[in-house]
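Down below is the structure, laid out as structure tokens.
The values are calculated or read from the model by the stated rules, or taken from the named source; none is laboratory data. Note that the structure is predicted; figures quoted are calculated from it, not measured. Heads up, the Cβs are rebuilt from the backbone with ideal geometry, glycines too, and the neighbour counts pull from every protein chain shown.
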Amino acid sequence: MSSLLRGEEMCLAQLFLQSGSSYDCISELGELGLVEFRDLNPSVNAFQRKHVNEIKKCEEMERILGYLLREVKRADISLPEGDVNPVAPLPKHVMAIMEQLQRLEVELGEVTRNKEKLQRNLLELTEYTHMLRISRNFVQKSSEREPLQVQYEEFPFLEKDTMMDYSSMQRLGARLGFISGLVKRTKIGAFERMLWRVCKGYTILSYAEVDEYLDDPDTREPTKSVVFLISYWGDQIGQKVKKICDCYHCHVYPYPSSNEERNDVVEGLRTRIQDLHTVLHRTEDYLKQVLMKASESVYTWVLQVKKMKAIYYILNLCSFDVTNKCLIAEVWCPVDDIPTLRRALEEGSRKSGATVPSFVNRIPTNDTPPTLIKTNKLTSGFQNIVDAYGVGSYREVNPAPFTIITFPFLFAVMFGDLGHGVIMALFALWMVLYENNRKLKNTRNEIWNTFFEGRYIILLMGLFSIYTGLIYNDCFSKSLNIFGSGWNVSAMFRAEVWKNGDISGNRLLTLDPNVTGVFNGPYPLGIDPIWNLATNRLTFLNSYKMKMSVILGVIHMSFGVILSTYNHLHFRKKHNLYLVFLPELLFLLCLFGYLVFMIIYKWLVFTAKDSRHAPSILIHFINMFLMQGDAVQPLYPGQTGLQVFLVVIAVLSVPVLLLGKPVYLYWLRHGNHRPGLYRGYERVRRNSEEELYLMRAQDMEEGSSHSDLSTSGERQTEEFDFADELLHQAIHTIEYCLGCVSNTASYLRLWALSLAHAQLSEVLWAMVMRVALRMDTRLGVLFLVPVFGLFAVLTVTILLVMEGLSAFLHALRLHWVEFQNKFYSGTGVKFCPFAFSLLPSSFEQHGLL
Amino acid sequence: MADLGFVIAMSVVTLFWGIVGGVVPWFIPKGPNRGVVVTMLVLTAVCCYLFWLIAILAQLNPLFGPSLTNETIWYLQYHWQ
């Protein structure tokens, strides 16, 4: 428990590692996660460190592993889900792993490239087939006109154009050329216009759209293409046409000159496409096999490379000793774990077969060690929310063990609803019971992770909300009547205060607790259920909740002030107890503790009979400060005198708080300098022997004492300390005194949020559920189902999630500011041990693992 | 204030939270978590008892009564007592 209350005791230790066994020792330490290494070469650049080559090799391996993981993921192969934990490989095994990885990379690269080429080929051939099929219908020879042809309406003139006949062309003496191919549909319009403009009508373009989506060989995306056929006369025109085709990224395929040739080409294409399909299938199978084999060991390799890289990084932090045979490392280590550290070093030395064992040596230090607080799965959530404000200074009191209960409690005061608490607790219980389920633990969704990490917090919040909901008597905005109400309506009739006609006459009637039998004692568990039915419910509840907030706030803050005594006692500053803690406590209790007393006194003493002249606590409190005791009737005899006394004590404690500590410290240093001459002695020592002799001789001549010289220098440094200390204490005093007032008022948010929650709950009931419940029976049943669905969704989103987050935030603020600034400084550094399990993996971050 | 119902409620609840906060901590087995568990029990007892106490003290001497609609009064007159 001392660990959770205060933090572990830490020490600085030096590890002397044999050069040969340093790798193994650090590997052992990494598995255990005990120590934090300090950088002994802070001025050395990252590229000039000793093991930079090995780290480069590790990064090269990580690059190949990343490529492998991407390929494996692309092929949809799942990685083995075992909980493997391989140790870091020895340097001699690293070469083997590196070779394997490089071989895999080369093989995979080749196979992938081949596959790409084959696929591209296949796509081109497919396009060619389509082109041939469609362009068949562009050129019609009358002799070879087939009975069933697709007529293209837009080119009627082509059918009749017999000039397309080859024989007639040859008669004309001009060489007719054909260019055919495919172009993207989006570009066909511009293509046609360009052709017309450039070739001035010496070309004829005919085109038709391909019906299905073909995969483009370059980009592998399905595109709509258009098959075109350009016929032209003359070579020059041909060149221009070719250039235009290139410009528009057309895929050009050779156009067969006769129908027989066309049929041959089509046959040939068909066989080639079939062959390609088979080859592609085989290639894909082979690729999958290679990837499957790789996926078996890739996870192990990833871990091994990660560990190796971490070890070399740590080795870079160490420095060599004078003889250059031994590595020195400086670590922060918990004192209790030094035997474990020793054992780990022995294990490492044994594993590497070194003759001389490595050992650890504790060294004294003036640096502040980092703070280590050992937590388990329940306390880690609460420790996280405390650390989010600030990590505790070394060995100061940790608010976390108290936060485990007070945080859910204050949340519940603001959230207080039985039904909502039950839902919240069930949700958290589900998360807790299934916390070892791998799927829940390892999702990458940030928001879910946040909820999952805080499952114990949410569970406690839910359980406390159930309790406060019971006390507030609020369950989905309805009250439970377990014990029978303390208010009796019939008594009003029996006492003849109300007559039977009064009910029909008056819309609202108020029960009078002065009448006998109307009020039969307070409800034993919480707020009486009759208040839920009353129209002046909020008047009563507001008064109750405001007073409750102030009482809880003053008690919480006093608890914080009392916790500071732990710090004063532990750091052996007993003077703080009398000069800081006592004035603070007196100030808080004399003013606000008295306020709490007055609240409870009024509750106990003033009954309904005195309700006409029941005093207002606030007026009395204000009058206390203004010393106007006679303005209102006293609550009890002697009130004026007591209040004056309390105000005087509170006012007197302010200068004690302001000046006590600085003056005391000044007196401590200044008043004790004669017996010890502590500072003077140090100063004298800094001078050389000669100077000392000369000064002494001079002193004896001049008759002045040496101590004067030393004290003048000393006084200068003392003045400095005093002013600094005084300023510090003045800030603390002002902050504390003003803070007392503002923080007490700040606790009123407990009232405000619980009021908001209750009102939202009531509105939801009145506007959603009651509408359906009031309907006629038959229709109402049908209508109730969707209305209940709406009610449930709104309850969860608005009341549970939104109000829950809001109350969480405010409870957190109350802890961080109002509670912790009474005793917590939170300026420490967190202890980050070197542990393989805590290292982040870059692959996980990219979603590859 | 010397009402029997109030006295019974007061003693039962005080006894209950007194046992939770004062007696049960002695029976927690020694282990690394003993301190945390004892702190949790004591704080729970203190917080919950205080919360209940404030609720019952606030209702002990009511200075005014609830205002009810006539429908509610009619219902309560015939159904509650």
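Any chance the stretch A:716-727 includes a residue that's touching a residue at least 40 places away in the same chain (Cβ under 8 Å) and under 19 Å from A:Phe819 (Cα atoms)? Steps first, please.
Applying the first criterion (touching a residue at least 40 places away in the same chain (Cβ under 8 Å)) to the stretch A:716-727 yields A:718, A:721-722, A:725-726.
Now restrict to residues that are under 19 Å from A:Phe819 (Cα atoms): none.
Looking for residues that are touching a residue at least 40 places away in the same chain (Cβ under 8 Å) and under 19 Å from A:Phe819 (Cα atoms), one finds none in the stretch A:716-727, hence no.
Could you grab me the full set of residues in the stretch A:611-641 that are loosely packed, with under 15 Cβ neighbours inside 10 Å, in a helix (DSSP H, G or I) and over 52 Å from the mean Cα position of the chain (by Cα)?
A:Arg612, A:His613, A:Gly641
Hey, could you check the stretch B:14-37 for residues that are within 8 Å of another protein chain (Cβ to nearest Cβ) and not in a loop (DSSP other than H, G, I, E, B) and say which is surrounded by the most Cβ atoms within 10 Å (Cβ to Cβ)?
Here the residue is B:Val36.
List the number of the failed condition for A:Phe519; all other conditions in (1) of a type in the set (A, V, I, L, M, F, W, C); (2) within 39 Å of the chain's Cα centre (by Cα); (3) facing chain B (nearest Cβ under 9 Å) hold.
(2)
Determine whether the stretch A:651-663 contains at least one residue that is modelled with pLDDT under 90, surrounded by fewer than 11 Cβ atoms within 10 Å (Cβ to Cβ) and in a helix (DSSP H, G or I).
Looking for residues that are modelled with pLDDT under 90, surrounded by fewer than 11 Cβ atoms within 10 Å (Cβ to Cβ) and in a helix (DSSP H, G or I), one finds none in the stretch A:651-663, hence no.
Please specify each residue of the stretch A:755-779 satisfying the condition of being farther than 30 Å from A:Gly553 by Cα, loosely packed, with under 14 Cβ neighbours inside 10 Å and either of a type outside the set (A, V, I, L, M) or at pLDDT 95 or above (or both).
Across the stretch A:755-779, the qualifying residues are A:Arg770, A:Arg774, A:Asp776, A:Thr777, A:Arg778.
Report, by residue number, each residue of the stretch B:38-81 that is of a type in the set (Gly, Ala, Ser) and either within 27 Å of A:Val515 (Cβ to Cβ) or within 7 Å of another protein chain (Cβ to nearest Cβ) (or both).
B:Ala55, B:Ala58, B:Gly65, B:Ser67
Identify all residues within the stretch A:807-843 that are in contact with a Phe, Trp or Tyr (Cβ under 9 Å, 6 or more places away or on another chain) and of a type in the set (S, T, N, Q); write none if there are none.
A:Gln820, A:Asn821
What is the residue count in the stretch A:1-22 for residues that are more than 14 Å from chain B (Cβ to nearest Cβ) and either outside any helix (DSSP H, G or I) or surrounded by fewer than 23 Cβ atoms within 10 Å (Cβ to Cβ) (or both)?
The qualifying residues number 13.
Among the residues of the stretch A:540-556, is any within 16 Å of A:Asn473 (Cβ to Cβ), at the interface with another protein chain (Cβ under 7 Å from one of its Cβ atoms), among the aliphatic types (A, V, I, L, M) and in contact (Cβ under 8 Å) with a residue 40 or more places away in the chain?
Yes, the stretch A:540-556 contains at least one residue that is within 16 Å of A:Asn473 (Cβ to Cβ), at the interface with another protein chain (Cβ under 7 Å from one of its Cβ atoms), among the aliphatic types (A, V, I, L, M) and in contact (Cβ under 8 Å) with a residue 40 or more places away in the chain.
Every residue in the stretch A:65-85 that is at pLDDT 75 or above and in contact with a Lys or Arg (Cβ under 9 Å, 6 or more places away or on another chain), please.
A:Ala75, A:Ile77 - these are the residues of the stretch A:65-85 that are at pLDDT 75 or above and in contact with a Lys or Arg (Cβ under 9 Å, 6 or more places away or on another chain).
I'd like the full set of residues that are small (Gly, Ala, Ser) and either in contact with a Ser or Thr (Cβ under 9 Å, 6 or more places away or on another chain) or surrounded by fewer than 20 Cβ atoms within 10 Å (Cβ to Cβ) (or both), limited to the stretch A:288-309.
Those that are small (Gly, Ala, Ser) and either in contact with a Ser or Thr (Cβ under 9 Å, 6 or more places away or on another chain) or surrounded by fewer than 20 Cβ atoms within 10 Å (Cβ to Cβ) (or both): A:Ser295, A:Ser297.
Given the criterion in a strand (DSSP E or B) and surrounded by fewer than 15 Cβ atoms within 10 Å (Cβ to Cβ), identify the matching residue among A:Arg350, A:Arg362, A:Arg343.
Numbers: A:Arg350 fails: in a strand (DSSP E or B); A:Arg343 fails: in a strand (DSSP E or B).
Every option except A:Arg362 fails the conditions.
Kindly list the number of the only condition in (1) buried (at least 18 other Cβ atoms within 10 Å of the Cβ); (2) under 18 Å from B:Ser67 (Cβ atoms) that fails for A:Gly526.
(2)
Collect the residues in the stretch A:482-505 that are under 59 Å from the mean Cα position of the chain (by Cα) and under 13 Å from B:Pro66 (Cβ atoms), keeping them in residue-number order.
A:Ser485, A:Gly486, A:Trp487, A:Asn488, A:Val489
List the helices (runs of 4 or more DSSP H) that sit entirely inside the stretch A:397-475 and contain at least 3 residues that are farther than 21 Å from A:Ser380 by Cβ and within 14 Å of another protein chain (Cβ to nearest Cβ).
A:400-415, A:455-472
What are the pairs, 6+ residues apart or on separate chains, where a residue within the stretch A:642-655 that is touching a residue at least 24 places away in the same chain (Cβ under 8 Å) has its Cβ under 7 Å from a residue that is of a type in the set (Ser, Thr, Tyr)?
Qualifying pairs under 7 Å: A:Leu646/A:Tyr594; A:Val654/A:Thr733.
Every residue, every condition in (1) farther than 19 Å from B:Ala9 by Cα; (2) among the basic types (Lys, Arg); (3) surrounded by fewer than 19 Cβ atoms within 10 Å (Cβ to Cβ); (4) modelled with pLDDT under 95, yes or no:
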| position | (1), (2), (3), (4) |
| --- | --- |
| B:Leu43 | yes, no, no, no |
| B:Tyr49 | no, no, yes, no |
| B:Trp52 | no, no, no, no |
| B:Pro66 | yes, no, no, yes |
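Can you name the residue in the stretch A:215-263 that is hydroxyl-bearing (Ser, Thr, Tyr) and more than 60 Å from the chain's Cα centre (by Cα) and, of all such residues, is surrounded by the most Cβ atoms within 10 Å (Cβ to Cβ)?
Filtering first and then ranking leaves A:Tyr232.
Please determine, by comparing only the residues of the stretch A:511-523 that are out of contact with any Asp or Glu (no Cβ under 8 Å at 6 or more places or on another chain) and among the β-branched types (Val, Ile, Thr), which one is surrounded by the most Cβ atoms within 10 Å (Cβ to Cβ).
A:Val515
So which residues in the stretch A:330-360 are within 12 Å of A:Leu17 (Cβ to Cβ) and polar (S, T, N, Q)?
Passing the criteria: A:Ser349, A:Ser352, A:Ser358.
Taking A:Phe581, is it of a type outside the set (Ser, Thr, Tyr), within 27 Å of B:Leu60 (Cβ to Cβ), over 35 Å from the mean Cα position of the chain (by Cα) and buried (at least 16 other Cβ atoms within 10 Å of the Cβ)?
No, not satisfied.
Looking only at the stretch A:529-539, filter to residues that are crowded, with 17+ Cβ neighbours inside 10 Å and either closer than 18 Å to A:Ser611 by Cβ or of a type outside the set (S, T, N, Q) (or both); which one of those is farthest from the other protein chains (Cβ to nearest Cβ)?
Kept after step one, since they are crowded, with 17+ Cβ neighbours inside 10 Å, are these residues of the stretch A:529-539: A:529-534, A:537.
Now narrow it down to the ones that are either closer than 18 Å to A:Ser611 by Cβ or of a type outside the set (S, T, N, Q) (or both): A:529-531, A:533-534, A:537.
Values: A:Pro529: 10, A:Ile530: 5, A:Trp531: 6, A:Leu533: 5, A:Ala534: 3, A:Arg537: 7 Å.
Selected residue: A:Pro529.
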